[in-house]
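Colleague: Encoded as structure tokens, here's the structure I'll be asking about.
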Amino acid sequence: MKNRKRIYEGKAKLLYEGPEPGTLVQHFKDDATAFNNKKHEIIEGKGVLNNRISEFIFTRLNQFGIPTHFIRALNMREQLIREVNIIPIEVVVRNIAAGSICKRLGLKEGTELPRSIVEFFYKSDKLGDPMICEEHITAFGWATPQEIDDIMSLSLRINDLVGGLFIAVGMRLVDFKLEFGRLYKDDGMHIVLADEISPDTCRIWNFGNDEKMDKDRFREELGGLADAYREVATRLGVFAGDKADVRGPQLVR
Ligand code: UDP
């Protein structure tokens, strides 16, 4: 696999060409970035944790009938995905006020929103991912009205399903970011969930004390990022499917 072709390098992930046409390998790095790349650090083990958490959530979403790009796990840092045509929009779903909505609308962090809110941002590092609305998306041809409808309904279903996975193990899904792509099949084009869902792209608070278990630990210099991500993985049962201890027979005293 040494000489495989690198297709794309992002802030926290790499994409390599896959073993078959129409497939890619998504590789999770240990790089942590925030504030449009102004803050950067390597956090050992983060890539492995994000890969395993995202793989777990995408597997569940596939089982629940949500179309995604995820095919299967490959190794600790990599997953096999379908190559899709990425729609250049970041979709943020919010349940509780945190981050940019607090600054924009003067809300206190932690305020329960009257209902889940879906926002759109244009994917552009150069412009700092500006917030946009449906008018921009259709006028500039980034997606059609029908595609926006599909994206909205998928995003809200994903919010219910992923929120449910977290609440079952004592964590609140405050907000998260999704990306979608177009997948071309024999029967036409389908909108599918792409990218990742991990503590890098979600805000997750511990139920009861609202302790932050996501990338805000890095953004706000709270420390303990890898420990928090490991706790999220453990609670979700991400490691439960791993092979039993393979160290061989142990001496029983
Ligand atoms: N988010 C992300 N990538 C981005 C911007 C936001 O994954 O480029 C996630 C972020 O982790 C949070 C949600 O989207 O869970 C909402 O982020 P927000 O708009 O509040 O912006 P931020 O406070 O991260 O600047």
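The values are calculated or read from the model by the stated rules, or taken from the named source; none is laboratory data. Everything quoted here is computed from the prediction, not taken from an experiment. Cβ: placed from backbone, ideal geometry, glycine included. Neighbour counts: every protein chain shown. Only protein heavy atoms, including side chains, enter the accessible area calculation; ligands, DNA and RNA are left aside. Shrake-Rupley method; radii C 1.70, N 1.55, O 1.52, S 1.80 Å.
Colleague: As a test of the formula, what do you get for the chain when each DSSP H run with n ≥ 4 contributes -39,500 (n - 2.57) and the sum is divided by the residue count, at 222 nm and rounded to the nearest 500 deg cm²/dmol?
Modeller: Details: 6 runs with 69 residues, N = 253.
Roughly -8500 deg cm²/dmol at 222 nm, from the helical runs in the chain.
Colleague: Let's test this: bin the Cα-Cα distances of segment 31-136 at 10 Å from zero up to the farthest pair and state each bin's percent.
Modeller: P(r) over segment 31-136, rounded to whole percents: 12, 28, 42, 18, 1.
Colleague: OK, next. Measure up LYS11/LYS212; LYS29/LYS185; LYS38/LYS123 against 20 Å on the Cα-Cα distance and list the ones that go over.
Modeller: Numbers: LYS11/LYS212 22 Å; LYS29/LYS185 30 Å; LYS38/LYS123 17 Å.
Distance filter (> 20 Å) returns LYS11/LYS212; LYS29/LYS185.
Colleague: Here's something else I'd like to know. Based on a Kirkwood Rh over C-alpha pairs, give the Stokes-Einstein translational diffusion coefficient of the chain at 4 °C and viscosity 1.567 mPa s in µm²/s. Write down the numbers at each step before the final one.
Modeller: Working: Rh = 19.2 Å.
Value of D from the Cα-based Kirkwood radius: 67 µm²/s.
Colleague: Using a simple spin-label model with points 7 Å from Cα along the Cα→Cβ vector, what separation in nm is obtained for ILE117 and GLU44?
Modeller: According to this spin-label approximation, the distance is 4.1 nm.
Colleague: Additional query: Using a 1.4 Å probe on the protein chains only, how many percent of the accessible area of segment 27-102 belongs to carbon and sulfur?
Modeller: On the way: 1510 of 2970 Å².
Ligands and nucleic acids excluded, carbon and sulfur give 51 percent.
Colleague: Enter the accessible area per residue of segment 1-145 (Å², integer; probe 1.4 Å; all protein chains in place). Let's see the in-between values first.
Modeller: On the way: 7930 Å² over 145 residues.
Here the per-residue accessible area is 55 Å².
Colleague: Still on this structure, I have one more. Scattering from the C-alpha atoms of segment 116-253 alone, worked out with Debye: what is log10 I(q)/I(0) at q = 0.16 1/Å?
Modeller: -0.99
Colleague: Using a 1.4 angstrom probe on heavy atoms only, work out the carbon and sulfur share of the accessible area of segment 120-214 in %.
Modeller: For segment 120-214, the apolar C and S fraction of the accessible surface comes to 54 percent.
Colleague: Further, regarding this structure: Ordered by packing density, taken as the mean number of other Cβ atoms within 10 Å over each peptide's residues, highest first, how do 124-135, 72-83 rank?
Modeller: Values: 124-135: 11.3, 72-83: 17.2.
Descending packing order for the listed peptides: 72-83, 124-135.
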